[in-house]
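Heads up: the structure comes next, in structure tokens.
The values are calculated or read from the model by the stated rules, or taken from the named source; none is laboratory data. Predicted model only: the values in this text are computed from it and were never measured. Cβ: placed from backbone, ideal geometry, glycine included. Neighbour counts: every protein chain shown. The protein model used for the area step is the full one, side chains on, heavy atoms only, and it has no ligands, DNA or RNA in it. Shrake-Rupley method; radii C 1.70, N 1.55, O 1.52, S 1.80 Å.
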Amino acid sequence: MYIVTHDNSTPRHQLSTPRRVFLHTQRQPGPLSSLFSMQACLPYANLSNTLAEYSPVPLQLMPSTVAPDGVLRHCHSSSERGRDLTESTSDSIPLHPLGLKPLGNQYFFQGRNARESIRVWNLFPDELIVLILEQLDIPTLFSFGHTCKFFYAFCHLDDLWKALFLRSPPRTIQWQGSWRSTALGLPSPSEQETFIDCSNVFSDVLHRPFACSHVDLSQFSSSIPKANQIRCFENLTYDQYAEKWTEEPFILTRCIQDWPACSEWSIETLLNTYSDVEFRAEAVDWPFSTYCNYMEHNQDESPLYLFDRKFAEKMDITVGHGQGAAYWRPDCFGPDLFEVLGDERPAHRWMIIGPKRSGSTFHKDPNATSAWNAVIQGSKYWIMFPPKAQVPGVYVSEDSSEVTSPLSIAEWLLTFHAEARRLPECVEGVCKTGEILHVPSGWWHLVVNLESGIALTQNFVPQSPSLNLVSEVLSFLRDKADQVSGFDNGKVTDPFGLFTERMKSSYPEVLEKAMDLADKKSGRKRKWDAAVGVGEQGGDEGGGGFSFSFGFGGGDDDEIP
């Protein structure tokens, strides 16, 4: 199984291609040949030379794949394969276009297994082969895929081409329906396209992404147990929110209907107006027309998610209660204490657009902030857990510097959703068009689009009578400075110092009380306690327990309950 790890200082939506980790193998390899020991991690040119030496056949295109005019042609498959491709399995996942099958099918296969033809490569498990192939450049990967059926199947894995493309994305592109076709400049794949029959290739590594991309994710958002359902209200006043709901998730159904964006924005209208405007979609900046083409014509297990923080400037729109504003912060959330930072506040608002199946795996929002997420078009499934919960399938490293989870949303839902839903801490629900969801500080959350749509989101620091969340932000900025994100490093070198300075000017009493609370949680002695020696004989030792905050640092003062 592939897993993704990421440093907690980076918001999940800002991550580019995830770093894969070799978790386990299909079989234990024998003594490794010089191919792995010398070349697995070498630069492309050296690795390409070694691939030529160890390839099952000379590293050149199969004659049957190149026409006399030099144009790539795919070999025709048998009529039997054509009939097979029209069939579906009992769980509605179609047969793979190449005919390859999950690994377990090899035990019922009586013909020649394609793996038997790959010579020294047969020492390596499929996971390691993929890791090696990820080091190739585009020409070598293309050529190596035409040495035998086994590598033909591996070199058609679109995730390989996606990683290659995102490693050095070109300035302009024409999306061709798949990452392989786009990287090679080939025509878009079509239903009439034929492939080499790879029905004797058996690999979970190759079949799993295909299967996950064809799972209907809406099944996981249905039949939500009553005890798990996110609380829904038409609206809240600020007093109601501050008194009871700052640390609980909820959905408001009648809060944002007055926003012009709710009545005027759709993917189609934005495309008509901003087709040539470039927006950020994870690791690439694409014109909106290109991204819309990608949204409509991709088969990715984890589609690229448009998540742009500079959308207001790019679209020349106004945010706030002023005349002509497209939307504004809902009044129920009250003052946002990060507003004291003015133009020096960290990145805090984003426009989110994505196709069905796109979304974010489990993460916490940056800098211990809370957030709201307003759905302008479409619907989103959310599953959430409180800060100290142990989320199934989500693992925090011993030093708390990395979070590890399944590579894709679909894989987590298939593997862990049933277990997660049974936990008493689990909260889940669907946020529909015209609704807004509150994400409390520190809460784990996974979100997936059930249909193509648009959302607006903003991170903020709420004020409540307990001042608990303000203290969490202060603790995070002070004690986990290396994990703070979103600030302009050229302008802000000390986020904690800047925030406390501005808070002292605007909210001095709030700052004093919140700092006392932050010191108590972290075990730091307050000024008066230090003067009189409180805590030295087993007195107030501060809060206990461990908190999975979004970012983590080192040292004893980083433990926040």
Counting only protein heavy atoms and rolling a 1.4 Å probe, one gets per residue an accessible area for the range 423-529 in Å² of 41 Å²
For the range 144-233, convex hull volume per residue from C-alpha positions, Å³ = 205 Å³
In whole Å, how far is the Cα centre of the range 273-293 from that of the range 473-520?
-> 35 Å
Karplus 3J(HN,Hα) series, Hz, for the range 346-358 with 6.51 cos²θ - 1.76 cosθ + 1.60 (x for Gly, Pro) | x, 3, 9, 10, 9, 9, 10, 9, x, x, 3, 5, 6
Difference of contour (0.36 nm per residue) and Cα-Cα distance, residue 344 to residue 112 | 77.1 nm
Calculate, for the range 98-251, the solvent-accessible area per residue in square angstrom, rolling a 1.4 angstrom probe over the heavy atoms of the protein chains.
-> 45 Å²
In terms of the Cα gyration tensor, with a ≥ b ≥ c the square roots of its eigenvalues, is the range 244-396 rounded because a/c is under 1.5, prolate because a/b exceeds b/c, or oblate?
-> oblate
³J(HN,Hα) computed for each position of the range 327-337 - Karplus, 6.51 cos²θ - 1.76 cosθ + 1.60, integer Hz, glycine/proline x | 6, 8, 5, x, 5, 5, 7, x, x, 9, 5
Where Rh denotes the Kirkwood radius from the mean inverse Cα pair distance, what is Rg over Rh for the range 321-366?
-> 1.02
Ratio to report: Rg/Rh of the range 229-271, with Cα atoms as the point set and Rh obtained by the Kirkwood method; give two decimals.
-> 1.13
At a 1.4 Å probe radius, carbon and sulfur cover how many percent of the accessible area of the range 116-238?
-> 49 percent
Burial order of peptide ranges 283-290, 437-444 (average beta-carbon count within 10 Å, highest first) = 437-444, 283-290
Report the antiparallel proportion of the DSSP beta bridges in the range 228-323 as a percent, rounded to a multiple of 5.
-> 60 percent
Could the peptides 208-220, 382-394, 348-360 be put in order, highest first, of the mean number of other beta-carbon atoms found within 10 Å of their residues?
-> 348-360, 382-394, 208-220
Tell me, what is the percent relative contact order of the range 147-263, built from C-alpha pairs under 8 Å that lie six or more residues apart?
-> 18 percent
From the backbone phi of the range 156-163, what are the Karplus-calculated ³J(HN,Hα) couplings (6.51 cos²θ - 1.76 cosθ + 1.60, θ = phi - 60°) in whole Hz, Gly and Pro given as x?
-> 9, 5, 5, 4, 4, 6, 5, 4
How much length is gained if the chain between residue 105 and residue 316 is pulled fully straight, taking 0.36 nm per residue apart and subtracting their Cα-Cα distance, in nm to one decimal?
-> 70.4 nm
Give me the accessible area per residue for the range 296-365, probe 1.4 Å, as a whole number in Å².
-> 39 Å²
Among the lysines, which fall within straight-line cross-link reach of residue 162, defined as a Cα-Cα distance under 30 Å, with same-chain neighbours fewer than 8 residues apart omitted?
-> 101, 149, 310, 314, 356, 364, 380
Over the Cα atoms of the range 260-316, what is the Rg over Rh ratio if Rh follows Kirkwood?
-> 0.96
For residue 523, list long-range residues whose amide hydrogen, built 1.01 Å from N in the peptide plane, is under 5 Å from its own amide hydrogen.
-> 543
DSSP-assigned coil residues among trypsin sites (Lys or Arg not before Pro) in the range 421-467, each with at most 14 further Cβ atoms within 10 Å = 422
The range 95-165: C-alpha pair distances exceeding 21 Å, % | 25 percent
Roughly speaking, what % of Cα-Cα pairs in the range 386-484 are separated by over 21 Å, rounded to a whole number?
-> 50 percent
Residues whose placed amide H lies under 5 Å from that of residue 402, excluding near-sequence neighbours = 397
